[in-house]
Amino acid sequence: MAKKQKTTDTLNLESILFNCREYLRSNASLNDKRDLLLTLVFLRFIGEKFENTQNEMKQECLNNGITDEEVISSFLNSPSRYKGIAFVPEKARWSMIIKEPASKLNATLDDAIQELENSSDALKGCVRLGLFTSINLEANVIKKVVDEVNKISHKTFGEEKDLIGRVYEYFLKSFAVNATKEEGEFYTPHDIVELIAAFVEPFDGTLYDPCCGSGGMFIQCAKYVEAKQGDIKMVNVYGQERDPATYRLAKMNLAMRGISHHLGEKNADTFSNDLHKGLTFDFIMANPPFNLKKWYDISLSKDGRWADYALPPEGNANYAWILHMLSKLKAGKGVAGFLLANGALGDGDAVAIRKKLIEKDKVEAIVVLPRELFYTTDISVTLWILNENKKGGMFHGRKLRNREKEILFMDLRQWTENPVKNEQKKKVELKADQIKRATEIYFTWQSEVTDGANYAEPELYKSVGFEELEKNNFSLVPSRYIEFVDRDTKIDYHQVLTETATTVADLLKRQQQNDETLRNALKQLGYEC
């Protein structure tokens, strides 16, 4: 009797991508596989969203009594009619691509890419031109891959998720990419982005990310604004990315969402070629490369971004990122939230810069995060909050107190009770209730009714004044300030020793009794002991 095949009712994105990976196993390089699959998913997603919107608009025409097919067609094929979604030319629509015979797919796909490139500035530079004909997969292989991608529907996978980000995440995990921040290959998990967004509250105005990667910060920001019943059109997004493939990824991600963005005309290094020079922003959210070494150039020695501080260490970009982002905050109102390796909290070669940052009252909060939050590193990292206005006043409906000469420290390293299952390496995540708890600690500290001098909970958080920071040589390491509960002092050692001695005595007595019983039994059998 044939063994019954196991079936599943629901599609799984990872299983679809795994099938694609198997088809491509010996047919393309790692980077080509990534670009090919990301492009197909992008075409699938953006095409389906566009055609769904187009069908809704057609139905609206019919509902309003417009039945002339030429009038409706003219209306539906006018790019200006589409708001919050990119207009997709007919040749680039997935419904047209999927009908093509296998022998023509490579050429059809490249034509679709070129059509997108020519259609609007928002879609320009999203994908590699000539990608499919340059890889030139065999007809049966590209057909199998396209059929797999066709199973992906935004209704199932992408409506509420960062779909392109998830595909990229899959590559980092399943292809075992040797991803390093030096190479720009990095993905920030959604829970961490959500935490930063919850602290920074980028409801309106301008949002900037100097190393935007795949655009995940912007996507999560859009979700955060929507969750707060805000209008994402009120948020103007600016970013920059050095790696060309990741730059295209960000363009894809934002174009799919219909998020208006300014990423520059090309990829570029933020330190040597600031694409947004002279601009300042209301909010900054970022996850810069950790401990980036190859950042410095002699032309940066007298750069205005650190003129009021000191030249950042040439062998580590941590403080160069800090000062760059600080230079991009709007005076008197800008707020930044970004991640750095924990070493930046107490680096000896950056103490002069750190001292000035504290003296100028730029640092508002330091939050050490749990380990194992990332796919590509297991280290614990720190969330920094810089604020150009610690004097208080109204902010997003909350009345804030004067927090000058104070910094809030939080240590969340014990929050590791949420392991992510079915991962290739150990990973934990921050749950919604934990993010809420962390932001409540921060918002309460900011609140007008809070006494900053006495705001503390052992092993979790503490508000620290300038004098205490000065005594600690301006270190920002939270364990220097947050109270550690020495539980050993509460132990009654005399009682413990007494109980232990009693237990040992009982065990010895039982052993003697067992030995005596054994000897008596042996004697009865005629043995002498």
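We did not get these values from a lab; they are worked out from the coordinates using the rules stated. Remember, it's a predicted structure, so these values are computed and weren't measured experimentally. As a convention, Cβ positions derive from the backbone with ideal geometry for all residues, glycine included, and neighbour counts pool all protein chains shown.
Between Rg and the Kirkwood Rh of the chain, both from Cα atoms, what is the Rg to Rh ratio?
Computed over Cα atoms, the ratio is 1.11.
Neighbour counts of other Cβ atoms within 10 Å put 50, 18 in the fewest-to-most order 18, 50.
For the pairs 91/144; 293/355; 302/462; 228/328, flag any whose C-alpha to C-alpha distance is greater than 29 Å. Let's see the in-between values first.
Details: 91/144 21 Å; 293/355 23 Å; 302/462 37 Å; 228/328 26 Å.
Pairs exceeding 29 Å: 302/462.
Applying 0.36 nm per residue to the separation of residue 80 and residue 470 and subtracting their alpha-carbon distance, the gain on full extension is 134.6 nm.
With neighbours defined as other Cβ atoms within 10 Å of a residue's Cβ, the residues 429, 404 order from fewest to most as 404, 429.
At q = 0.09 Å⁻¹, what is the base-10 log of I(q)/I(0) for the range 13-159 according to the Debye formula with one equal point scatterer per Cα and no solvent? Please give it to two decimals. Each listed q corresponds, in turn, to -0.31. Taken along the Cα-to-beta-carbon direction at a fixed 7 Å, the label points for residue 63 and residue 277 span 5.1 nm.
Stretched out straight at 0.36 nm per residue, the stretch from residue 485 to residue 522 would grow longer than its current Cα-Cα span by 7.6 nm.
Relative to one another, the C-alpha centroids of the range 189-203 and the range 329-382 are positioned 15 Å apart. What does DSSP give for the chain in terms of the percent of beta bridges that are antiparallel, rounded to the nearest 5? Rounded to the nearest five, the antiparallel share is 55 percent. Applying 0.36 nm per residue to the separation of residue 14 and residue 91 and subtracting their alpha-carbon distance, the gain on full extension is 24.9 nm. Any idea what the relative contact order of the chain is, in percent, if you count C-alpha pairs under 8 Å spaced at least 6 apart? Reported relative contact order: 10 percent. Tell me the mean residue ellipticity at 222 nm calculated for the chain from its helices only (DSSP H runs of n ≥ 4, each -39500 (n - 2.57), averaged over every residue, nearest 500). Counting only the DSSP helices, I get -12500 deg cm²/dmol.
Sorting 262, 190 from the fewest to the most surrounding beta carbons within 10 angstrom yields 262, 190. With contacts taken as Cα pairs under 8 Å and at least 6 residues apart, the range 13-159 reaches a relative contact order of 36 percent. In this model, which of 362/405; 362/399; 155/223; 33/143 are farther than 18 Å apart at the alpha-carbon? From 362/405; 362/399; 155/223; 33/143, over 18 Å: 362/399.
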